[in-house]
Structures are given as C-alpha cells and as structure tokens.
Amino acid sequence: MTINLCSVSTEYSESRRDFLRVAAAVLLLFSVVRLGFEAAQMLIDRVNYFTDWENWIELILFVSAILFASGAYIQCCVCVKNWQWQLGAAAVFLAWLDLVLFMKKLPLFGVYVVMYIQIIYTFLRFMFLALLFIIAFGLAFYMLFVQYGESDEESAREPFRNPARSLLKTMVMTTGEFEFDTIFFDTELDFAVVSYLLWIIFIIFMPVLLTNLLVGLAVDDIKQVQEDAELKRLALQVELTLSAEKLISRVVKRRFLRKRDSVYPNRENTYWEVVQSFWGVERYDAPSRISRAVHPQQETEEMLLQQNRKLTDEVHTLKATVNEMSLLVHKMAESQGIDLKDTRN
C-alpha cells in the first residue's frame with residue numbers, strides 16, 4: 001500500500017509538493033547529523049551507551065525518521081509506503097517523548113519530569129497485579145458473553161467475540177467505560193445470574209479498588225520522590241556536562257576556559273538575573289547562592305524558631321483550656337454542695 005501525500009486535484013498541490021520535499025530533506029539531514037552524534041557518543045561510552053534506555057529511544061527515533069523521510073519520489077508526487085507511514089507515526093511520538101526526557105535536565109521543569117518517571121516505575125511494578133485481574137475478568141467475560149452468529153442483536157457483544165478482544169475490552173472498562181446497557185439490556189443473557197454477579201465483583205475490584213490503590217501509591221510516594229528528584233536532576237546535569245566536554249576538543253576547551261573571574265557578593269541582581277531566577281537558573285556568584293553558602297544553618301535555625309513559637313503558643317492555649325475546665329468543675333461542685341478539698345482527702 002502506498003500513501004500519496006499530495007493530491008493532484010487540489011489548487012495548491014504544486015506548492016504543497018515543494019514544501020513536502022523541502023521538509024523531507026531538512027528532516028533527513030537533521031536525522032543523519034543527529035545519528036552521527038549518537039555514533040560518536042557510542043564510541044565514547046561503548047557498552048555504557050546501550051545500558052541507557054534513553055539512547056535506545058533516540059536511535060529508534062532517528063532511524064525511523066530517516067526511513068520515513070526517504071520516501072520514494074514517484075513522478076510528480078511525494079509518496080510513502082505503508083510501513084514508512086507507520087514509522088513516521090512512531091517517530092513523531094518518540095520525538096515528543098525525547099523532548100520531555102530532555103526537559104528533565106532543565107532547572108524549572110526537570111524536577112516534575114523526574115517525579116513523573118518515578119511514578120511510572122511505581123505503576124509498572126504495580127501493573128503485574130493489575131494484569132492478573134484483567135486476564136481473570138477478561139477470560140471470564142469472554143466465556144459468559146460470547147455468542148456465535150452474525151445477527152444484529154448479537155453485535156452488542158462484539159468486543160467479547162474472541163479472548164484477545166475480551167481482554168482489551170476489560171482493560172478499557174477498568175477506566176470506567178462500561179457500556180452496561182448495551183451489554184446487558186440490548187441482548188438476552190445466557191447466564192444472567194453469574195454475569196450480574198461477576199460484573200458487580202469487577203466494578204468493586206477494578207475501577208474502585210484498583211484505581212484508588214494506584215492513586216494511593218502515587219500520593220504516598222510523592223514526598224520521597226520530590227525529595228530525591230532534585231538530586232537526580234542535578235546528577236543528570238552533571239552527566240550532560242561531562243558528556244558535552246568529551247565531545248569538545250582540547251583546543252576549544254582551552255580557548256573558552258575561564259581562568260580568572262571576579263565575584264561581587266554585595267551587588268544587586270540585574271533584571272536578567274531576576275528573570276533567570278524565576279526559571280530556576282542562578283549564576284554561581286549570585287548573591288542568594290553566596291548567602292546560602294555563608295549562612296548554611298540560617299534556614300534551619302529559622303525553622304526551629306518557628307516550631308518553638310508554635311509549641312509555645314500551643315502550651316499557652318492548653319493551659320488556658322485547663323484553667324477554664326478547672327473553673328467549670330469548681331462551679332459545678334459548688335452548685336451540688338460538694339467540697340473539692342474533702343474529696344481530695
């Protein structure tokens with residue numbers, strides 16, 4: 001099968017064909033250059049290169065883009081074959097995914113990307129349990145809802161026609177897409193009692209318990225993930241810097257190596273530095289960084305003082321509550337004619 005990207009009958013077909021040719025050439029050139037960088041990184045890192053799954057994503061991305069952009073030029077139209085079109089769709093997805101992975105090295109968005117990746121790892125460990133439930137309910141639904149025939153009244157159970165479709169339908173129903181009326185009321189059930197019972201168990205186990213368990217795991221781990229995310233992001237920045245230094249020649253590094261610099265700790269931040277701090281980027285000699293380095297315990301001492309003030313206020317409030325309760329007890333004792341001194345003896 002061949003997909004024609006240009007319609008000859010359209011008014012702007014010629015300009016569109018020219019644009020597609022230029023875009024394909026730019027994409028092809030960029031992908032070849034990036035693949036060359038990956039080859040250079042492969043020679044430097046050697047075996048360690050293949051242990052990073054992000055490198056595999058980039059390899060598949062650039063190879064897919066090259067194969068897609070090298071579509072055959074047939075006469076006056078730009079055409080790609082069926083397998084090339086599928087590779088192009090995969091390349092589009094991987095390109096945006098690679099952009100998200102690259103953003104974890106940025107100061108502002110990097111922490112959230114690292115947190116998201118950690119939650120994905122938690123979900124993958126939890127997914128094995130969910131897969132067992134999906135197989136259990138999917139095969140059971142297949143046995144209960146399958147109908148052999150091609151009549152219109154049986155088309156409501158088309159998703160359960162074979163085990164593969166039944167498993168896929170069960171996975172979709174876990175998200176809340178039940179289609180209860182279509183399955184149970186549009187056709188007559190062969191095993192009504194067991195079907196209703198299994199459906200109720202499915203609703204309790206999958207959309208309710210399983211989904212809330214996944215949300216609970218993500219929320220429970222979010223504090224620890226947030227604490228570790230900053231350190232991991234900094235480690236990624238160091239790895240990026242070291243890998244960039246390996247690709248730069250010694251002559252270039254000597255040319256741009258800063259041997260002397262002046263630091264002004266008492267100066268005020270410039271407008272550009274204020275904008276950079278908003279995005280989480282600070283110079284190494286920024287006044288705020290120097291202040292934190294000179295007074296590393298200032299934030300800790302301030303936090304302890306705040307906790308001390310809070311505890312003092314709570315103690316005063318507790319004392320006031322005890323005095324009010326004591327006064328109330330004395331008044332109740334006087335109204336009943338009881339002497340509290342005698343009861344103590």
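The values are calculated or read from the model by the stated rules, or taken from the named source; none is laboratory data. Every value quoted in this text rests on a predicted model; they were computed, and no experiment measured them. Neighbour counts run over all protein chains shown; Cβ positions are idealised from the backbone, glycine included. Heavy atoms of the whole protein, side chains included, go into the accessibility calculation; ligands, DNA and RNA do not. Shrake-Rupley method; radii C 1.70, N 1.55, O 1.52, S 1.80 Å.
At-a-glance table
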{"read-out": "Of LYS105/LYS246; LYS104/LYS223; LYS104/LYS169; LYS104/LYS246, pairs whose Cα-Cα distance is over 25 Å", "value": "LYS104/LYS169"}
{"read-out": "Accessible-area order (highest first, 1.4 angstrom probe) of the listed residues VAL172, VAL146, VAL215", "value": "VAL215, VAL172, VAL146"}
{"read-out": "Spin-label model distance (nm) - MET332 vs LEU132, 7 Å beyond Cα toward Cβ", "value": "5.5"}
{"read-out": "Among 130-143, 90-103, the order from most to least packed when residues are scored by Cβ within 10 Å on average", "value": "130-143, 90-103"}
{"read-out": "Ranked packing of 190-199, 328-337, most packed first, by mean Cβ within 10 Å", "value": "190-199, 328-337"}
{"read-out": "Long-range amide H partners of LYS81 with built H, under 5 Å", "value": "ILE3, ALA72"}
{"read-out": "Spin-label pair ALA23/LEU318, simplified geometry with 7 Å Cα→Cβ offset, distance in nm", "value": "6.9"}
{"read-out": "Note, ³J(HN,Hα) from phi for segment 119-135, Karplus 6.51, -1.76, 1.60, rounded to Hz, x at Gly and Pro", "value": "5, 5, 4, 4, 5, 5, 5, 7, 5, 4, 5, 5, 5, 4, 5, 5, 5"}
{"read-out": "Estimated distance in nm for a label pair at ALA95 and THR122, the labels positioned 7 Å out from Cα along Cα-to-Cβ", "value": "3.3"}
